[in-house]
Amino acid sequence: MRLQITIDEELDGAAASLYRELKEAEDLPGDAKLALVAAKGQPGDMGADVIIELVSAAVGTASFVVQGVTAWRGRRRRAPGVRIEGDGVTVVIDDRNADPAHIADLAARLRRAEPDPDGGGQEHA
């Protein structure tokens, strides 16, 4: 699964901070590859000039990212919105949709896009 994580505003090195937190997480999937890359500005983009790319074949990668972003936002005084895109699914975590039930729903939406380890890359139902 390839996920792109875009931060709404680059406040106080937010992208680098989130990148470090995800990279140093104890539950980072073992095969995960993380990279900070320059974003290509498009009209209507969230305005970030840096995105984080995460590639992993591990089941649970989407949940790891959603939980990591949520925890990271909870520790910041000014928490920017974060967009996570993977396999045609886009979710946004910001102040308008940060309640636990909604976060669980976002994680479930991304999980459905994860490859099934026994199904040859099919999406979860």
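The values are calculated or read from the model by the stated rules, or taken from the named source; none is laboratory data. Computed from a predicted model, the values in this text were never measured in an experiment. All Cβ positions, even for glycine, are placed from backbone atoms using ideal geometry, and neighbour counts span all protein chains on display. Side chains included, ligands, DNA and RNA excluded: accessible areas come from the protein's heavy atoms. Shrake-Rupley method; radii C 1.70, N 1.55, O 1.52, S 1.80 Å.
Below are the figures for this structure:
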read-out: Residue 59 vs. criteria within 24 Å of residue 111 (Cα to Cα), at pLDDT below 90, open to solvent by 40 Å² or more (accessible area, probe 1.4 Å) and assigned to a loop (DSSP other than H, G, I, E, B); value: yes
read-out: Output for segment 72-102, where each listed residue is over 12 Å from the mean Cα position of the chain (by Cα) and hydrophobic (A, V, I, L, M, F, W, C); value: 79, 98, 101
read-out: Residue list for segment 1-34, filter: of a type in the set (A, V, I, L, M) and touching a residue at least 60 places away in the same chain (Cβ under 8 Å); value: 1, 3, 5, 7, 11, 14, 18
read-out: Selected residue (criterion: nearest to residue 53 (Cα to Cα)) from residues of segment 93-117 that are among the aliphatic types (A, V, I, L, M) and free of Cβ contacts under 8 Å to residues at least 12 places away in the same chain; value: 108
read-out: Residue in segment 65-72 that is at pLDDT below 90 and in contact with a Leu (Cβ under 6 Å, 6 or more places away or on another chain) present; value: no
read-out: Index of the failed condition, residue 83 passing every other in (1) modelled with pLDDT under 90; (2) assigned to a strand (DSSP E or B); value: (1)
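For (1) polar (S, T, N, Q); (2) farther than 15 Å from residue 83 by Cβ; (3) at pLDDT 85 or above; (4) assigned to a helix (DSSP H, G or I), each residue gets a yes or a no:
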residue	(1), (2), (3), (4)
4	yes, no, yes, no
9	no, no, no, no
12	no, yes, no, no
27	no, yes, yes, no
34	no, yes, yes, no
40	no, no, no, no
48	no, no, no, no
